[in-house]
Amino acid sequence: MVVRNCSFCGSIIEPGAGTVYIRKDGAFYNFCSRKCRINMLSLHRVPRRVRWTSEFQNIRKSHKTTKTQ
């Protein structure tokens, strides 16, 4: 069984859960919830700018370590 990560928020998707979106060019996205799917596809939001995503948290951690030094 393959454990996948959400293409938007980065959380782990359990086998049998979530949705897969396949574009016409063959690229596919895995989403854990409707919230992630709508934010990426309909609202065109960037995960780096949304506070509840893991990508935002990683950027925030890296900025904190560079500012203190």
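The values are calculated or read from the model by the stated rules, or taken from the named source; none is laboratory data. Since the model is a prediction, treat every value here as computed from it, not as a measurement. The accessibility values were calculated without ligands, DNA or RNA, using every heavy atom of the protein model including side chains. Shrake-Rupley method; radii C 1.70, N 1.55, O 1.52, S 1.80 Å.
For the reader, a short list of remarks on this structure follows.
- Crossing angle, helix 54-68 versus the chain [Cα axis fit, 0-90 degrees, rounded to tens]: 10
- Close amide-amide hydrogen proximity is noted between ILE13 and ARG4, ASN5, CYS6, each under 5 Å apart and 5 or more residues distant or on a separate chain (H modeled in the peptide plane; Pro and chain starts excluded).
- Over the chain, dividing the summed -39,500 (n - 2.57) contributions of all DSSP H runs of at least 4 residues by the number of residues returns a 222 nm mean residue ellipticity of -8000 deg cm²/dmol.
- Here the accessible area of the chain is 53 percent carbon and sulfur, with a 1.4 angstrom probe and all protein chains present.
- Taking a ≥ b ≥ c as the square roots of the eigenvalues of the Cα gyration tensor, an a/c ratio of 1.5 or more together with a/b larger than b/c marks the chain as prolate.
- Surface exposure of the chain, expressed per residue as accessible area with a 1.4 Å probe, stands at 79 Å².
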